[in-house]
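The values are calculated or read from the model by the stated rules, or taken from the named source; none is laboratory data. None of these values were measured; they are calculated from a predicted model. Glycine also receives a Cβ, built like all others from the backbone with ideal geometry; neighbour counts cover every protein chain displayed. With ligands, DNA and RNA removed, areas are computed over all heavy atoms of the protein, side chains included. Shrake-Rupley method; radii C 1.70, N 1.55, O 1.52, S 1.80 Å.
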Amino acid sequence: MKHFKELTAAVLTLLATAAYAQEGEAPTVPSDVNALGKDTFDSFVTEHPLVLAEFYAPWCGHCKALAPEYEDAATKLKEKEILLAKVDCTVEAELCEKHGVQGYPTLKIFRGPDNASPYTGQRKSDAIVSYMTKQALPAVSLLNKDTIAEFKTADKIVVIAYLSADDKENNATFTTVAEKLRDNYLFGATSDSALAEADGVKAPAVVLYKTFDEGKAVFDGAFTAEDITSFANTASIPLMGEVGPETYSGYMAAGIPLAYVFVDSEEVKEKLIAAIKPIAKEYKGKVNFATIDAVAYGAHAGNLNLEAKWPAFAIQDTTKNLKFPFDQTKEITEKSISDFVKDYVEGKISPSIKSESVPATQEGPVHVVVANNYDEIVMDNDKDVLLEFYAPWCGHCKNLAPKYEELAALYFNNPEYNDKVVVAKVDATANDVPVEIQGFPTIKMYPAGAKDSPIDYAGSRTVEDLATFIKTNGKYKVDAYVPPPPEPEAEEEEVETGADKSAEETPVGSTAPAATETAKEGVKKATEGAQAVVGDDDYVPHEEL
C-alpha cells in the first residue's frame, strides 16, 4: 500500500510538472511542499525546527526540472517531520531579497527565521532525503544495543565510533570530524564494549559501514581528526564506482587522483571492470577508479585531453587539476593499464598540457593568459593579479567583457599602477589551469607575495566593485577607481511619446523570462554533454559533472 501511495504521488507530480512547464503556473494538485509568502514564512520556520526552503521563479527551467524531485522528497521527509517549502520570487520579491537570493532555484536550510544555511547537496529526491535526514540528527548520534542495528542501515554510508565513556580526548576528536563531515555521512558512537566486541573491534575504534563492496571498513590509523577524515573520504568511495551527478563531488572531495574509464556499452563496461578491478584494489587509497558513460558524458573526455574515441582511460590529479590521458592508439587491457598506473604512481609520466599559443603582443589592457604563460603572468610574485576564467560561449562572460576591459584600463594605462596590478583572463576551455573551475566566469585574486592563497571574487560584476576588491585584497592596496561624472538631468517631456507609452504599458522585466530561456537554450546546445550531468543554475559548468 505504501508503494502504491508513493507511485501515485509521483505520477501526480509528473502531471503537475508538465502542466507547470506548459502554462508557466504553479501546480494546483495536492502537494506536500508548503507554499510560503512574506506573511507566513517567519511563523512557519519558527514553528518547525527544520525546514528546507526553495526560492524559485515559475519560468526557470532548472526549477521545473527540480519540481518532481522536490515533491517526491517532501512526501518522503514528511513522515520524518522534516518539512519542505517553496517561495515564488516573482511574487515575493522582498522576501527573496531579504534572504539573499541571487539565482534560481536557491535552496536554504532554516532552523528558525534567523538561522539559515545553504543546501549543498544534489537536487535529486534520494539525495535531498539523505541530506536532510543528516541535518535532523545531531552530529553524533548516541547508540545502544536497541538502536545500533537500525542506524547501521540508515544511509548508504554510516560511520560509528566505539569509545569508552571516559575517553574525553577521543570522543572530542570524533565529534570534530562528525561536525565537519555531517553533510556527507551519518555519525554514531557507543560506549558499549559488548557491541564493539560483536563487531570484532576494541575501543577506541572507528568502523565505516556501506551498502557496497565489502560492506564495511575498519579504521587502523592514528586517532586524529585528519586521519579519520582521510579514512572516511577514502573508504566511502567504491572500489570501481561510476562517475555521475550523484558521485562526482565525492570523487573531487576525496583528495586523491581519479582514474576514468570511458565506456559506451554495458558489454564493454563489464569487460573493463573485470580487467581493472584488481588494479583498483592494488592502488586503493592512492587512486580512485570509476567508469563513466561515454554516450551521456563523453564531452568530459575533452577536459581530460582525450579524443572522443571509446573506450578511453585517463587519470586526473584532482588537487592540482593535472591530466594524464592513456595513449588512445593502444588497447586497454589489464596489463597496459596496470603498467600505466604503476608509472603514474611512481611519477614517471608527465601531465598532458593543453594550451593555446602565447600571444605575440599585448593587445588591449586585459592580459591574455594561456597554459604556457600562466606561471609567468599569474604567479609573478611582484604583482597583484586579478584573473578571470571564462568560456567563449558563456553569456555571463560576454556581458562582463566590456566592464572587464574598462577595469583593466584603470591600471594598464596608469604608469603608477601598471607595474603593481595586472588584470588578466584565460579561456579555461582551451587551456589547462592548475585550479578546479566549476563555473564561468570565475574570478580570483592572486596577491603579490601570496600566490598560494588566491581569493575568490563573489561580488557584483561592476567596475567599481571589482576595483574595490583589488584594493581590499591586493598587496599594494591600489585605489584606481574614479567615479564617472553625474549625468545631466533630462528635461521633462510634456508630450507623451510612443516609446514612453510602450514603456508604461510593458512591465519592467516582463521579457526577461523569455530572453533568459532563449539564452539558456543556446548554452544548453553548446554544452550538451556537460550540462546534462551538472544541472548548475548560476554558472555554466566546466570540469564539473
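A compact table of results
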| quantity | calculated |
| --- | --- |
| Spans of strands (runs of 3 or more DSSP E) in the range 285-342 with at least 3 residues hydrophobic (A, V, I, L, M, F, W, C) and at pLDDT 95 or above | 288-293, 312-317 |
| Residue within the range 95-113 that is part of a helix (DSSP H, G or I) and either crowded, with 19+ Cβ neighbours inside 10 Å or modelled with pLDDT of 95 or more (or both) present | yes |
| Check on PHE151, within 19 Å of LYS80 (Cα to Cα), among the aromatic types (Phe, Trp, Tyr) and over 25 Å from the mean Cα position of the chain (by Cα) | yes |
| Residues being among the hydrophobic types (A, V, I, L, M, F, W, C), part of a helix (DSSP H, G or I) and within 18 Å of ALA450 (Cβ to Cβ) - total across the range 360-382 | 2 |
| Residue within the range 404-422 that is assigned to a loop (DSSP other than H, G, I, E, B), within 22 Å of PHE440 (Cβ to Cβ) and not polar (S, T, N, Q) present | no |
| Members of the range 427-441 that are buried (at least 21 other Cβ atoms within 10 Å of the Cβ) and of a type in the set (Val, Ile, Thr) | VAL433, ILE437 |
| Meets criteria (free of Cβ contacts under 8 Å to residues at least 40 places away in the same chain, of a type in the set (S, T, N, Q) and under 30 Å from TYR404 (Cα atoms)) for GLN328 | no |
| Counted residues, the range 302-317 - those being surrounded by fewer than 18 Cβ atoms within 10 Å (Cβ to Cβ) and polar (S, T, N, Q) | 1 |
| Scan of the range 123-149 for residues that are open to solvent by 50 Å² or more (accessible area, probe 1.4 Å) and farther than 16 Å from ASP192 by Cα, ordered by number | ARG123, LYS124, ASP126, ALA136, LEU137, PRO138 |
| Breaking point among (1) at pLDDT 95 or above; (2) touching a helix residue (DSSP H, G or I) at 6+ places or on another chain (Cβ under 7 Å), for SER125 | (1) |
| Selection within the range 114-147 - of a type in the set (D, E, K, R) and part of a loop (DSSP other than H, G, I, E, B) | ASP114, ARG123, LYS124, LYS145, ASP146 |
| Residue that is nearest to GLY188 (Cα to Cα) [pool: residues in the range 128-178 that are basic (Lys, Arg) and out of contact with any strand residue (DSSP E or B) (no Cβ under 8 Å at 6 or more places or on another chain)] | LYS145 |
| Cross-chain or 6+ apart pairs with Cβ under 8 Å, the range 198-218 first and in contact (Cβ under 8 Å) with a residue 24 or more places away in the chain, then open to solvent by 20 Å² or more (accessible area, probe 1.4 Å) and acidic (Asp, Glu) | ALA203/ASP167; PRO204/ASP167; VAL207/ASP199 |
| Subset of the range 318-357 that is over 30 Å from the mean Cα position of the chain (by Cα) and of a type in the set (Ser, Thr, Tyr) - its residue that is surrounded by the fewest Cβ atoms within 10 Å (Cβ to Cβ) | THR329 |
| Only listed residue being free of Cβ contacts under 8 Å to residues at least 24 places away in the same chain and on the phi < 0 side of the Ramachandran plot, chosen from PRO68, PRO30, PRO58, PRO49 | PRO30 |
| Residue pairs meeting the criteria (Cβ under 7 Å; at least 6 apart or on separate chains; first more than 22 Å from PRO483 (Cβ to Cβ), in the range 392-417; second of a type in the set (Phe, Trp, Tyr) and not in a loop (DSSP other than H, G, I, E, B)) | CYS394/PHE440; HIS396/PHE440; CYS397/TYR390; CYS397/PHE440 |
| THR90 free of Cβ contacts under 8 Å to residues at least 40 places away in the same chain, open to solvent by 30 Å² or more (accessible area, probe 1.4 Å) and more than 22 Å from the chain's Cα centre (by Cα) | yes |
| Residues that are farther than 17 Å from THR468 by Cβ and touching a helix residue (DSSP H, G or I) at 6+ places or on another chain (Cβ under 8 Å), drawn from the range 388-421 | TYR390, ALA391, TRP393, CYS394, GLY395, ASN418 |
| Evaluation of ALA65 against (1) modelled with pLDDT of 95 or more; (2) open to solvent by 10 Å² or more (accessible area, probe 1.4 Å) (one fails), failing number | (1) |
| Meets criteria (in the same structural domain as LYS202 (by the TED database), in a helix (DSSP H, G or I), at pLDDT 90 or above and within 26 Å of the chain's Cα centre (by Cα)) for THR75 | no |
